[in-house]
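Undergrad: This is the structure I want to talk about, given as structure tokens.
The values are calculated or read from the model by the stated rules, or taken from the named source; none is laboratory data. Not measured: the values here are computed from a predicted model. In this analysis, Cβ positions are derived from the backbone assuming ideal geometry, glycine residues included, and neighbour counts consider all displayed protein chains. Ligands, DNA and RNA are excluded from the accessible area calculation, which covers all protein heavy atoms including side chains. Shrake-Rupley method; radii C 1.70, N 1.55, O 1.52, S 1.80 Å.
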Amino acid sequence: MPRTTKVDCPGCPPLRALTFDVLGLVKVIQAQGKDGEIPKVVERWGEPDYSKSVLAASLVDRKFDPLLAVARKNGLIEVLNPLNGNLHVAISDNTDSSPPKDDAIIGMHLFEKDELALASRRCTLLSCTKKGNASMRSIDFSSSSSEDISTNPVKTWKVCSSGDVMCSKVDGSETHALFGGKGVEVNTWNLEQCTKIWTAKAPKKNSLGIFTPTCFTSVTFLSKDDHRKFAAGTSSHQVRLYDISAQKRPVISFDFRETPIKALAEDVDGNTIFVGNATGDLASFDIRNGKLLGCFLGKCSGSIRSIARHPEFPIIASCGLDSYVRFWDIKTRQLLSAVFLKQHLNGVVFDSHFVGEADITHSAVESIQQDIEIGQTVSEEEHTPQKRKKASKEDGEGKKRKGASKENKKSKKKSHGETESKQR
């Protein structure tokens with residue numbers, strides 16, 4: 001059993017998360033948002049099989065027709081429905097019948113901003129292997145039969161000539177991608193033209209004249225709108241900030257503990273990143289100056305392999321080799337809840353469009369209260385007696401003028417009648 005500590009968990013707001021483990025299982029964790037409720041496993045998709053271990057996953061988080069892509073150890077890429085786990089299509093990433101064991105998929109991304117693909121039941125998928133073989137293909141799964149499914153490779157290219165790619169990331173605009181790894185300096189690619197636009201410079205020799213090659217283990221962009229600034233974690237427990245518009249070497253570099261950096265995630269403000277290492281330490285940094293904002297309370301007993309930030313709530317989720325998925329409060333950096341999932345975990349993602357029972361009841365009560373208030377105001381307006389308006393001075397003067405003009409007309413008529421009678 002993993003080493004754990006008993007803490008008081010206040011519970012989580014309404015959320016839904018998907019986790020991926022080394023046995024190929026996808027587990028759904030939900031919290032309905034009730035007071036002090038602990039998230040629970042509500043669904044499990046797949047059968048345990050080590051050959052189907054999940055290596056990478058990508059979620060198209062949208063309200064209508066969401067998609068989930070999962071890359072497995074046996075070379076298969078599956079596109080699922082993240083709401084019920086139904087399989088849309090399963091394709092092989094390798095042209096050969098037997099995929100090479102040393103060229104597994106290390107990164108994958110499903111493109112979200114494609115309205116034509118959504119209308120025609122297509123999806124565009126980017127994948128990269130350990131040896132640097134990147135491919136971007138369009139998958140058509142509109143047909144119900146698996147034989148009619150077409151997978152046409154759109155573009156293929158080589159990310160590196162030597163070394164092993166260990167991490168990749170696509171920016172928010174889905175036009176640029178990052179790649180880095182062991183013996184591979186972090187580089188930026190334009191996905192529309194499939195060209196390399198920037199490559200980092202190797203670090204300088206130390207005071208003893210010894211050159212230490214860099215091994216990048218994780219990368220992330222700081223903002224969805226800017227592809228020029230990103231952070232990278234290394235196996236030498238360093239976090240580096242790069243700005244491709246400024247220089248090729250890191251703008252800021254700082255150390256975090258003494259073990260390799262295994263996971264990075266950015267905050268929505270674009271200035272804060274969350275860092276997890278191989279010994280289970282989790283902390284937040286201000287990337288503008290490298291200042292440590294604080295460590296998250298509660299020790300993890302295994303390496304952290306994935307960090308996900310909730311798009312709406314100030315919550316992050318972390319998972320790793322201790323088989324726990326933990327939910328943390330960003331502001332207080334305290335543990336909200338922890339769920340034991342029995343297997344080593346490789347990734348976690350959030351479903352931001354999930355609505356819990358507490359939110360549904362709360363919104364229903366609010367709508368009922370609004371209807372009652374509207375009915376009360378209408379009834380009050382109907383039953384309240386209408387008061388007569390006081391006549392203003394101008395109205396009084398106008399009435400006086402009208403009365404005077406009528407009297408003048410009468411007097412004129414009388415005088416005219418008298419003159420006529422006299423003439424007769």
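Undergrad: Being more than 20 Å from the chain's Cα centre (by Cα) and either open to solvent by 70 Å² or more (accessible area, probe 1.4 Å) or closer than 27 Å to LEU336 by Cβ (or both) is the requirement here; does ARG62 meet it?
TA: Numbers: more than 20 Å from the chain's Cα centre (by Cα): no; either open to solvent by 70 Å² or more (accessible area, probe 1.4 Å) or closer than 27 Å to LEU336 by Cβ (or both): yes.
No; evaluated as a whole, the condition is false for this residue.
Undergrad: To continue, here is another question. Across the range 222-242, what is the number of residues that are open to solvent by less than 10 Å² (accessible area, probe 1.4 Å) and either within 23 Å of the chain's Cα centre (by Cα) or among the aliphatic types (A, V, I, L, M) (or both)?
TA: Of the residues in the range 222-242, the ones open to solvent by less than 10 Å² (accessible area, probe 1.4 Å) are 230-234, 239, 242.
Still in the list and also either within 23 Å of the chain's Cα centre (by Cα) or among the aliphatic types (A, V, I, L, M) (or both): 230-233, 239, 242.
Total meeting the criteria: 6.
Undergrad: Among the listed residues ASP164, ASP140, identify the single one that is in contact with a Lys or Arg (Cβ under 6 Å, 6 or more places away or on another chain), open to solvent by 20 Å² or more (accessible area, probe 1.4 Å) and at pLDDT 90 or above.
TA: Numbers: ASP140 fails: at pLDDT 90 or above.
Every option except ASP164 fails the conditions.
Undergrad: OK, next. Against the conditions (1) modelled with pLDDT of 90 or more; (2) of a type outside the set (S, T, N, Q); (3) open to solvent by 50 Å² or more (accessible area, probe 1.4 Å); (4) within 19 Å of the chain's Cα centre (by Cα), where does LEU126 fall short? Just the number, please.
TA: Only one criterion in (1) modelled with pLDDT of 90 or more; (2) of a type outside the set (S, T, N, Q); (3) open to solvent by 50 Å² or more (accessible area, probe 1.4 Å); (4) within 19 Å of the chain's Cα centre (by Cα) is unmet by LEU126, namely (3).
Undergrad: What strands (runs of 3 or more DSSP E) completely inside the range 256-337 contain at least 2 residues that are open to solvent by 60 Å² or more (accessible area, probe 1.4 Å) and modelled with pLDDT of 95 or more? Step through it out loud before you land on a result.
TA: Details: elements: 261-266, 272-277, 282-286, 291-295, 304-309, 315-320, 324-329.
Qualifying strands (runs of 3 or more DSSP E): 291-295.
Undergrad: Any residue in the range 65-73 that is over 27 Å from GLY183 (Cβ atoms) and either open to solvent by 50 Å² or more (accessible area, probe 1.4 Å) or modelled with pLDDT under 90 (or both)?
TA: Yes, the conditions are met somewhere in the range 65-73.
Undergrad: Given (1) touching a Gly at 6+ places or on another chain (Cβ under 9 Å); (2) surrounded by fewer than 14 Cβ atoms within 10 Å (Cβ to Cβ); (3) in a strand (DSSP E or B), where does VAL42 come up short, assuming only one miss?
TA: (1)
Undergrad: Going by what's in this entry, would SER245 be described as open to solvent by less than 20 Å² (accessible area, probe 1.4 Å) and among the hydroxyl-bearing types (Ser, Thr, Tyr)?
TA: no
Undergrad: Could you tell me whether the range 183-200 includes any residue that is in contact (Cβ under 8 Å) with a residue 12 or more places away in the chain, at positive phi and either open to solvent by 40 Å² or more (accessible area, probe 1.4 Å) or among the basic types (Lys, Arg) (or both)?
TA: Yes - at least one qualifying residue is present in the range 183-200.
Undergrad: In the range 15-59, how many residues are of a type in the set (D, E, K, R) and touching a strand residue (DSSP E or B) at 6+ places or on another chain (Cβ under 6 Å)?
TA: Restricting attention to the range 15-59, the residues satisfying the condition of being of a type in the set (D, E, K, R) are 16, 21, 27, 34-35, 37, 40, 43-44, 47, 49, 52.
Narrowing the set further to residues that are touching a strand residue (DSSP E or B) at 6+ places or on another chain (Cβ under 6 Å) leaves 16, 21, 27, 37, 43-44, 52.
Residues in the range 15-59 being of a type in the set (D, E, K, R) and touching a strand residue (DSSP E or B) at 6+ places or on another chain (Cβ under 6 Å): 7 in total.
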